[in-house]
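Worksheet: the structure to be examined is printed underneath.
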Amino acid sequence: SWEAFAAWRCGPQAPDAGLRGAAIQASGPARAEVMVLADCPDGDDEAEGVLLSGRAGRLFDRMLAAIGLTRAEIHLAAVCAKRPIGRRLPPEMT
């Protein structure tokens, strides 16, 4: 189920579970017509607990508004739920 996948994705069995920091869950409706996939959280995201927050998030919200959408209408997720050191995935994860 979608719920089981979401729990696994940020749980101890996920490929990036060993990376430092808190895992940031995807947000928005699971069956949204639009999905935005980010690479990984950044420092602002970790502080806020939300993907694409801070300065990048404000720009992202304006971009969504320009196409008539809001965060509530899209599904936002990251390839890597935690921020890798240097924003690069370890070779064994690629």
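The values are calculated or read from the model by the stated rules, or taken from the named source; none is laboratory data. Just so it is clear, the structure is predicted and the values come from calculations on it, not from any experiment. Neighbour counts run over all protein chains shown; Cβ positions are idealised from the backbone, glycine included. The area values use the complete protein model at the heavy-atom level, side chains included, leaving out ligands, DNA and RNA. Shrake-Rupley method; radii C 1.70, N 1.55, O 1.52, S 1.80 Å.
The rows are residues; the columns are (1) touching a helix residue (DSSP H, G or I) at 6+ places or on another chain (Cβ under 9 Å); (2) outside any helix (DSSP H, G or I); (3) more than 14 Å from R71 (Cβ to Cβ); (4) open to solvent by less than 80 Å² (accessible area, probe 1.4 Å).
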site: A6; (1), (2), (3), (4): no, no, yes, yes
site: R20; (1), (2), (3), (4): yes, yes, yes, no
site: P29; (1), (2), (3), (4): yes, yes, no, yes
site: V36; (1), (2), (3), (4): yes, yes, no, yes
site: C40; (1), (2), (3), (4): yes, yes, yes, yes
site: V50; (1), (2), (3), (4): yes, yes, no, yes
site: L59; (1), (2), (3), (4): no, no, no, no
Reported set for the range 63-77 where residues are on the phi < 0 side of the Ramachandran plot and open to solvent by 20 Å² or more (accessible area, probe 1.4 Å) is M63, A65, A66, I67, L69, T70, R71, A72, E73
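Quick grid of which residues meet (1) of a type in the set (F, W, Y); (2) more than 25 Å from P84 (Cβ to Cβ); (3) in contact (Cβ under 8 Å) with a residue 40 or more places away in the chain:
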{"position": "S1", "(1), (2), (3)": "no, yes, no"}
{"position": "A23", "(1), (2), (3)": "no, no, yes"}
{"position": "P29", "(1), (2), (3)": "no, yes, yes"}
{"position": "D42", "(1), (2), (3)": "no, no, yes"}
{"position": "S53", "(1), (2), (3)": "no, no, no"}
{"position": "A56", "(1), (2), (3)": "no, no, no"}
{"position": "L59", "(1), (2), (3)": "no, no, no"}
{"position": "R62", "(1), (2), (3)": "no, yes, no"}
